[in-house]
Amino acid sequence: MPEEPCQCPDCQRFYREHDRLIRENPSLRQQQELNWAALQSFRTLAGRVLEELQKQHGDGDAPPSAAPEAALQEASGEPPSEGDAIQQAMADLENINAHLFSIEALMERIFDVRVPEPVEQTFREVAGELAPDPLNADRLRLNRLLHQTPDLPDHRGG
């Protein structure tokens, strides 16, 4: 008996977006371009936000006098100050940009792949079959992963 798709708002939003991306980009080439554009837009936006934060709050190096104060706050259980939170966000954005750069290097290999028109036609046929299917095995597998990922914003216990 097949698993029923999850009905939570996160999964429903995922299903709609998943299907839309397949329907609107049903060929290998379109998927390559879509993923490349998404990666580049993410890198551009995250990089620009990091630049703005660095202009407003410095380059991310906290002054030496702030370190003992932050350690005392952490030890006392006080929430981090806004400045500490921004410094942490800047460090996180630097990590995100580094990961995105690595992904970009890997994705460049995807563009080496070219397929003949009959294969592109098969992509389009499969896309037509796949997108409307709410019980698609890949989607269900991704749904399970979505719910097993504790670091997603909606699944942090709140």
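Annotations for the structure displayed:
- Sum of side-chain charges, residue 97 neighbourhood, beta-carbon under 15 Å (Lys, Arg +1; Asp, Glu -1): -4
- Environment charge at residue 117 (Cβ cut-off 14 Å; Lys +1, Arg +1, Asp -1, Glu -1): +1
- Here r is the Cβ-Cβ distance between residue 23 and residue 96 and R0 is 25 Å; the resulting FRET efficiency, rounded to 0.05, is 0.30.
Any read-out appearing in this document is the output of simple, stated calculations on the displayed coordinates, not a laboratory observation. Note that the structure is predicted; figures quoted are calculated from it, not measured. Ideal geometry is used to build each Cβ from the backbone, glycine not excepted, and the neighbour counts take in all protein chains shown.
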